[in-house]
Amino acid sequence: MTDLLIRNAAEILTCAADAPDGIGRLPGGSIAISDGLIEAVGEVGARRAHKVIEAAGRVVLPGFVDCHTHVLFGGSRVEEYAARVAGREPPAGAPVGIAGTVRETRRLSTDALVAQALPRLGEMLAHGTTTAESKTGYGLALEAELRMLEANRRLAAGTPVEIVSTLLAAHALPEDMPRDEYVGLIVGRLVPRAAAEGLARFCDAYCDQGYFTLEETQRVLAAGVAHGLAPKLHLDAYSTTGAARLAADLGAASVDHLNFTSPEEAECLGAAGVVAVAMPCLDLAVAHPRPVDVRGLIGAGMTVALATDLCPACHVASMQLVIQLACRLYGLSVAEAIRAATLHAAMALRRDKTVGSLEPGKQADVLVLGVERHEELAYRIGSNLVERVIKRGRVVVER
Ligand SMILES: [Zn+2]
């Protein structure tokens, strides 16, 4: 007997890799789920089930994968944000920038860090995110970065959202340590610890003007590779760094931001199979002078994924809003944006064998939307269309 049957949906979007329309739209299909996995999609035949969800008049699609977040942080930068939108300098004493958040984060115990992040993850889940990356990078010191890694482990146990942990010790330069010494600490101690204790899947670095140089980035990512942590990169957000070729050479899982990446570099990344992660809410929240040219990246042969970049500078939990902005700001079709928020985002986390599409054998991470057509996802700007969230076959949100 099937555990859960979702039947007679107006549309099922499988988002399967080989779908000719990009989203695998099946009108009027059903999904059979057992043991947390998808048994069958589309025509599932007559079968008995412990639980049935009638999905008539509804769209069913894979849970969203948010492949770039800084969901773990201390304090708030609301004063800075409010000042910036009004064109003013933040008030004296308010936490400003990464350095401000580092001071707030270092103050917190692991438990307090987790307690502040869980409501954010709850909001993400309520908007349909079933898998999320979580980066360190507000510790910028040995103990503080290890605390963030441990917090990621506890988060994973405290929310239905599947957490993918990334070591981003190279997020910014600490104010209290010379840069050479800090890079040595990352390479010699943090990366080996994170890998040995199974606390991270990826090693990330922020290569840009005012952050880590190309040479430092290379050292950090190479250490990650040597210890089995796959590389990711914050790349070219504010200048052309040349790190794109490094990412291609290392076979990075993703490169994120890409506002100043050249077309030739994008071609090189595309040929190497590196996924581009675009974050339209960040471009909006920081009023970026040069929003990323996503159509150019696609034209250069890159697979594009979408993410919130939830962080103190961009307090966005909803992948639905990301899809809406990606369509309008980046010129993606609705189908392209949905695929970028599901299968391609899973590829950016190297989880596409288990999540990101609705196919037999994959994890049953499923959303039921209270609308009849998937295009509503792009059209209803700011609405939450999610009625039900199913994680590993279990209903975890019902609205
Ligand atoms: Zn980031």
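The values are calculated or read from the model by the stated rules, or taken from the named source; none is laboratory data. Quick caveat, the model's predicted, so the values are computed rather than measured. Cβ coordinates were reconstructed from backbone atoms using ideal geometry, including for glycine residues, and neighbour counts include every protein chain displayed.
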Within region 29-38, tally of residues that are part of a loop (DSSP other than H, G, I, E, B) and at pLDDT 95 or above
2
Considering residues of region 143-167 that are within 17 Å of G184 (Cβ to Cβ) and in contact with a strand residue (DSSP E or B) (Cβ under 9 Å, 6 or more places away or on another chain) only, the residue nearest to the ligand (Cβ to nearest atom):
L167
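On the given criteria, is D293 surrounded by fewer than 23 Cβ atoms within 10 Å (Cβ to Cβ) and of a type in the set (D, E)?
yes
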Among the residues of region 158-189, what is the count of those that are in a loop (DSSP other than H, G, I, E, B) and aliphatic (A, V, I, L, M)?
4
Checking R77, R106, R58 in turn, the sole residue that is more than 14 Å from V161 (Cβ to Cβ), out of contact with any strand residue (DSSP E or B) (no Cβ under 7 Å at 6 or more places or on another chain) and away from the ligand (no atom under 16 Å from the Cβ) turns out to be R106
Identity of the residue in region 222-235, crowded, with 19+ Cβ neighbours inside 10 Å and at pLDDT 95 or above, that ends up nearest to the ligand (Cβ to nearest atom)
H234
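In this structure, does T261 turn out to be more than 14 Å from the ligand (Cβ to nearest atom), within 19 Å of A307 (Cα to Cα) and buried (at least 19 other Cβ atoms within 10 Å of the Cβ)?
yes
Please find, among R47, R7, R25, the residue that is more than 29 Å from T308 (Cβ to Cβ), in contact with a strand residue (DSSP E or B) (Cβ under 9 Å, 6 or more places away or on another chain), at pLDDT 95 or above and of a type in the set (D, E, K, R).
Criteria check complete, one pass: R7.
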In this structure, is T131 hydroxyl-bearing (S, T, Y) and in contact with a helix residue (DSSP H, G or I) (Cβ under 6 Å, 6 or more places away or on another chain)?
no
List the residue pairs whose Cβ atoms are under 7 Å apart, where the first residue sits in region 168-194 and is aromatic (F, W, Y), the second is within 16 Å of the ligand (Cβ to nearest atom), and the two are 6 or more positions apart or on different chains.
Y182/L173
Conditions: (1) away from the ligand (no atom under 16 Å from the Cβ); (2) touching a residue at least 12 places away in the same chain (Cβ under 8 Å). D18 meets all but one. Number of the miss?
(2)
For residues that are more than 20 Å from G128 (Cβ to Cβ) and within 16 Å of the ligand (Cβ to nearest atom), tally how many sit in region 61-74.
2
Looking at region 110-142, which of its residues are of a type in the set (A, V, I, L, M), over 16 Å from V191 (Cα atoms) and either outside any helix (DSSP H, G or I) or at pLDDT below 95 (or both)?
A132
I'm trying to understand the selection: among the residues of region 39-93, which are crowded, with 23+ Cβ neighbours inside 10 Å and either among the polar types (S, T, N, Q) or in a strand (DSSP E or B) (or both)?
V41, I53, V59, V60, L61, P62, F64, V65, D66, T69
Please enumerate the residues belonging to region 198-221 that are surrounded by 18 or more Cβ atoms within 10 Å (Cβ to Cβ), assigned to a loop (DSSP other than H, G, I, E, B) and hydroxyl-bearing (S, T, Y).
Y211
